[in-house]
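Have a look at the structure below before the remarks.
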Amino acid sequence: MKHPLSKSALILSLLLTGCQSTPKLVEEQQAQAQATEHYLNAQSHLEQLESRFSELNAQELSRFAPDQVKEAKEALEEAQEEFDDIRYTPAEADEGDVEDILLAVNQANTALNSANLIRQTAEKELAPTLEMMQILGKLEAASYYAREMKRAESTLEEMLEDVSDGDLEDAREEQAELLLLLQALEVKTVEKRELSSLAKQLDQMKRNRLAKVVPISFQGAVASLEMAKAVIAADPRNTLAIDQAVTKAEFELDHSRHIAQQVTHLRAMDSDDFEAFVLRAEGRLHKIAQALDGIDRRNLAQDDQAESVTKTIAALKQAMDAQRLAIAEAEAAKAVQAKASTKPAAPSQETEADPESEATVAEEEASTASSS
């Protein structure tokens, strides 16, 4: 009888012990779950902030709002340091740790929001200046006019600082002055890029005294270069007009050099060689005439020969233009005719008689006749 009683007492004792330990285990599990929730909450907010930093161009943003970006970075570093304290012991994270991390994250986000707002305001208010600076950057203006570009950059930084501080009126006044400088700098840069080589050639021609050797041709070269400068000054972004003006200037410079060579050759020529020189010039014109129509015009003065050849070429060109026009008109007429032949025939306006309708009409007429 003693053994069963001892066994029952043992079982009862174990049951009582288990009931006492269960609440403690539950409390530990709940505490661990709470700590894990705190950890994950802090981790989530910190990762979102880090992702935001990686997506935005912090360096570019610093240009518009350096103080705000600096504040955001410091707050991010503080949040990271706070999270490092619980990174490898998530079970020990408590609500205080999370609050410290979230406070730093919120400070960083607030600073970034402020920086973005300042950037948007600056991009709107200073859009003309920012666009001009971008254009000058593409033109590599700093490589030609480093001092002017440095001054422009310094002024722009002051304007951005004014916007960051809320002094929009000061920024607008500075922008009005800076734009004049930048516009002039754009003209100078385009002129430097497009005409510097031609200007050097013209200076060399001046040193070689071509203005005295071939004054008419040289003046044409000078005028063409000045015209190219005027085209650039009128619109430094009209690339088509600028290319045409530069090509014209190049042509006139080359023409002046070739004429100068001929004049120099004539000056050095002995008088006994004059006839041979004239005959060579006439021979070149004669070759052109022979290739054109085979007529020998050398019995005429050279000016008259050139006039005759010119008229013949003009008549030939006119005939060719007329022939091309006739061919184009014939092809167009042929295309119209081909299109008309492939067009589907229009449906007939007359409709076929319906047998049932005709029978109905006949029956009605017969009925009318019988009733009469």
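Here are a few things to note about the model shown:
Per-residue answers, yes or no, for (1) touching a residue at least 12 places away in the same chain (Cβ under 8 Å); (2) assigned to a loop (DSSP other than H, G, I, E, B); (3) not acidic (Asp, Glu):
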residue	(1), (2), (3)
PHE83	yes, no, yes
VAL105	yes, no, yes
ASN109	yes, no, yes
ASN113	no, no, yes
LEU117	no, no, yes
PRO128	yes, no, yes
GLU131	no, no, no
GLY137	no, no, yes
ALA142	no, no, yes
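- Selection of region 54-81 for residues being closer than 18 Å to SER164 by Cα, part of a helix (DSSP H, G or I) and either within 32 Å of the chain's Cα centre (by Cα) or at pLDDT below 90 (or both) yields ALA58, GLN59, GLU60, LEU61, SER62, ARG63, PHE64, PRO66, ASP67, GLN68, VAL69, LYS70.
- Filtering region 149-177 to residues that are in contact (Cβ under 8 Å) with a residue 40 or more places away in the chain and either over 18 Å from ARG63 (Cα atoms) or basic (Lys, Arg) (or both) leaves only ARG172.
- Picking from residues in region 59-116 that are buried (at least 16 other Cβ atoms within 10 Å of the Cβ) and aromatic (Phe, Trp, Tyr), the one that is farthest from LEU46 (Cα to Cα) is PHE64.
- Taking each residue of region 208-223 that is on the phi < 0 side of the Ramachandran plot and among the β-branched types (Val, Ile, Thr) and looking for partners that are open to solvent by 20 Å² or more (accessible area, probe 1.4 Å) and assigned to a helix (DSSP H, G or I) with beta-carbon atoms closer than 6 Å, six or more apart or interchain, yields VAL213/VAL263; VAL214/ILE259; VAL214/VAL263.
- Tally, over region 283-301, of residues that are open to solvent by 60 Å² or more (accessible area, probe 1.4 Å), in a helix (DSSP H, G or I) and not charged (D, E, K, R): 3
- Listed conditions (1) at pLDDT below 65; (2) surrounded by fewer than 12 Cβ atoms within 10 Å (Cβ to Cβ) are all met by GLN32, apart from (2).
The values are calculated or read from the model by the stated rules, or taken from the named source; none is laboratory data. None of the values given here were measured: they were computed from a predicted structure. Because the Cβ atoms are built from the backbone with ideal geometry, glycine has one as well, and the counts that use them run over all protein chains shown. Accessible surface areas use protein heavy atoms only, side chains included; no ligands, DNA or RNA. Shrake-Rupley method; radii C 1.70, N 1.55, O 1.52, S 1.80 Å.
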